[in-house]
Amino acid sequence: MTAEAPAYNPKADRAWLLARPWILISRLIVVLGALLSLTLALVVQGNSSNRSVQQGLAVKIRTTLTRLGPCFIKVGQALSTRPDLVRRDWLDELTRLQDDLPPYPHAIALAVIETELGAPADQLFASFPEHPVAAASLGQVYKARLHSGDWVAVKVQRPQLEFQLRRDLVLIRMLAVLSAPVLPLNLGFGLGEIIDEFGRSLFEEIDYRREADNAERFATLFAGNAAVTVPAVERSLSSRRVLTTAWVNGTKLQQRRELEAKRLDPTALIRTGVIAGLQQLLEFGYFHADPHPGNLFALPGRSGDLGHVAYVDFGMMDSISDSDRLTLTGAVVHLINRDFQALAQDFVALGFLNPNTDVTPIVPALEEVLGGALGENVGSFNFKAITDRFSELMYAYPFRVPARFALIIRAVVSQEGLAMRLDPDFRIIRVAYPYVARRLLAGDTAEMREKLLEVIFDRDGRLQLDRLENLLAVVDNDAGSGDLLPVAGAGLRLLLTADGRSLRQRLLLLLVRDNRLSTDDLQALLNLLRRTFGPRKLASQLAQGLMQRLNPLAAA
């Protein structure tokens, strides 16, 4: 009989805990005592320049979160990916929360395996170790060998996990809702809904059958991508509380020096992670919401300017609607073109602003915050800088964070934090801009072709040449990507095939304006294309690509 999947229900869970005041009060005392003790230590010693003092604080933060259990460990994991938010001398300790937690007794893990899979581990596996190789917030992992000789990762869930999550989520939600009115900058608005989203995802994460489904769906999406690896699931050795997958021999995306010591290029690996993340959000509409260094491994090999990366741990996944996905794509394009009026409407469409909100006073504020952060060089953009400035907008204007965006924001900031840990100068927008620009210019899907027409033609059908020039400049300035050739080829195919019918019609209409023949716009367009795709520039990129193929060391 298949066990019923655990589910998060905030109202029912609150009633359950309130009916057990001995659990509620005792746990509340423990949580408040631990957090107040930690807060006091941070207030007294947080500004100390003594290295040993800071190391002691880092250990106290880690041990406090560890003692408080899975929900609080998850918070620490999120902080461990943010070198821009957390002192660097605390990061190494927080990173240990990813998969270096105290294991629970081995005998309990063996009992779980036998209960879940119907036989002892020594019968199911050719060899099964006596100690886990890693222990994380929700379970611990063993490296075992199948009777076929293949090595596998066996994840076994911690005992009493559902009880602990249910209890602590109720407490966290109660404390958050009570403190919301005094939180600064409107941060308390919708906080309960965001915690509910977090709780829902946590309860999905502790059903390993769902995680197995997630892993196989994720593998299908990246099946044709040599740069992304997803370990195969061993279904016969998996259940609700046990998950067995192929073993990944890789290096954690954690320390730059360790990667370089193994002749792995951190920049190429970052690029793969960011582009894969963008594909998940803007193409597939299905994304890994927890891309911290413990869930991403570097593998040997290169595919052009992309390193090879393996994803693991598919418990925290989420989907984004087609409407939101296209609106996000459009928002990036509007940032490229500095069209803050359209960007304000994007915020309305995404639910960050009420549909009845008058965006007129918000547009100049967006231009000041986002325009100033972007500057002349898109590479100056980072989410920490934007978040700091955006909090001011949230206080002055009716912005709110829709609950459905909680995991999306978590995924993006985790991805940026991971990248910045390997390269402090990294800016995610340096990859995001060219990625979106290439997709638009290629017009490889009906939705992208529609968006391209929306970008380069105004409502009266006039050519907005400056916007097309911005898109081409973003691709051209994407250092080392060599993307002009494929963009030129994709654009030519679009013009000559049935997919480009609407584009050809729009271009022909440019010839006739106000009942007279006009070639000015088309001439300006041809001049732009000639400048961008000049024979010398294309020949240079072609030569660079050939050199990289002929000399593998050039890409190492």
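Where helices (runs of 4 or more DSSP H) fall entirely within region 102-205, those with at least 3 residues that are hydrophobic (A, V, I, L, M, F, W, C), over 22 Å from ILE408 (Cα atoms) and modelled with pLDDT of 90 or more are at 106-117, 161-179.
Residues in region 36-49 that are of a type outside the set (A, V, I, L, M) and open to solvent by less than 70 Å² (accessible area, probe 1.4 Å): 3 in all. Residues in region 193-238 that are more than 19 Å from ASP318 (Cα to Cα), touching a helix residue (DSSP H, G or I) at 6+ places or on another chain (Cβ under 6 Å) and not hydrophobic (A, V, I, L, M, F, W, C): SER238 alone.
When each of LEU326, LEU306 is tested for being farther than 22 Å from PRO364 by Cα, surrounded by fewer than 20 Cβ atoms within 10 Å (Cβ to Cβ) and not aromatic (Phe, Trp, Tyr), the lone residue that passes is LEU326.
Let's see how each residue does on (1) assigned to a helix (DSSP H, G or I); (2) open to solvent by 90 Å² or more (accessible area, probe 1.4 Å); (3) small (Gly, Ala, Ser); (4) modelled with pLDDT under 75:
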site: LEU453; (1), (2), (3), (4): yes, no, no, no
site: ASN470; (1), (2), (3), (4): yes, no, no, no
site: GLY480; (1), (2), (3), (4): no, no, yes, yes
site: ALA490; (1), (2), (3), (4): yes, no, yes, yes
site: SER502; (1), (2), (3), (4): yes, no, yes, no
site: LEU507; (1), (2), (3), (4): yes, no, no, no
site: ASP521; (1), (2), (3), (4): yes, no, no, yes
site: ALA524; (1), (2), (3), (4): yes, no, yes, no
site: SER540; (1), (2), (3), (4): yes, no, yes, yes
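For ALA261, the conditions (1) open to solvent by 20 Å² or more (accessible area, probe 1.4 Å); (2) among the hydrophobic types (A, V, I, L, M, F, W, C); (3) under 19 Å from the mean Cα position of the chain (by Cα); (4) farther than 21 Å from ALA153 by Cβ are fulfilled apart from (3). Among all positions in region 236-244, there is at least one residue which is out of contact with any Phe, Trp or Tyr (no Cβ under 6 Å at 6 or more places or on another chain), over 30 Å from ASP13 (Cβ atoms) and part of a helix (DSSP H, G or I). Kindly establish whether ALA15 is outside any helix (DSSP H, G or I) and exposed (fewer than 15 other Cβ atoms within 10 Å of the Cβ). No: the conditions fail for ALA15. When region 50-66 is limited to residues that are surrounded by 15 or more Cβ atoms within 10 Å (Cβ to Cβ) and among the basic types (Lys, Arg), the one that is farthest from ASP168 (Cα to Cα) turns out to be LYS60. Counting only strands (runs of 3 or more DSSP E) that sit completely within region 282-367, those holding 2 or more residues that are more than 22 Å from ILE270 (Cβ to Cβ) correspond to 317-319.
Can you pull out the residues in region 406-428 that are over 22 Å from GLN255 (Cα atoms) and either without any contact (Cβ under 8 Å) to a residue 60 or more places away in the chain or small (Gly, Ala, Ser) (or both)? Within region 406-428, ALA406, ILE409 qualify. What are the residues in region 213-228 that are buried (at least 20 other Cβ atoms within 10 Å of the Cβ) and closer than 20 Å to PRO300 by Cβ, if any? Those that are buried (at least 20 other Cβ atoms within 10 Å of the Cβ) and closer than 20 Å to PRO300 by Cβ: ALA227, VAL228. Kindly indicate whether ALA109 is surrounded by fewer than 18 Cβ atoms within 10 Å (Cβ to Cβ), closer than 22 Å to ARG210 by Cβ and not charged (D, E, K, R). Here the answer is no, as ALA109 does not meet what is asked.
One residue stands out in region 441-450 among those that are at pLDDT below 80 and aliphatic (A, V, I, L, M): the one that is surrounded by the most Cβ atoms within 10 Å (Cβ to Cβ), namely LEU441.
Checking each residue of region 232-239 against the condition of being under 22 Å from PHE284 (Cα atoms) and surrounded by fewer than 20 Cβ atoms within 10 Å (Cβ to Cβ) gives at least one match.
The values are calculated or read from the model by the stated rules, or taken from the named source; none is laboratory data. Model, not experiment: these values are computed from the prediction. Heads up, the Cβs are rebuilt from the backbone with ideal geometry, glycines too, and the neighbour counts pull from every protein chain shown. Accessible surface is based on the protein model in full, side chains and every heavy atom, while ligands, DNA and RNA are left aside. Shrake-Rupley method; radii C 1.70, N 1.55, O 1.52, S 1.80 Å.
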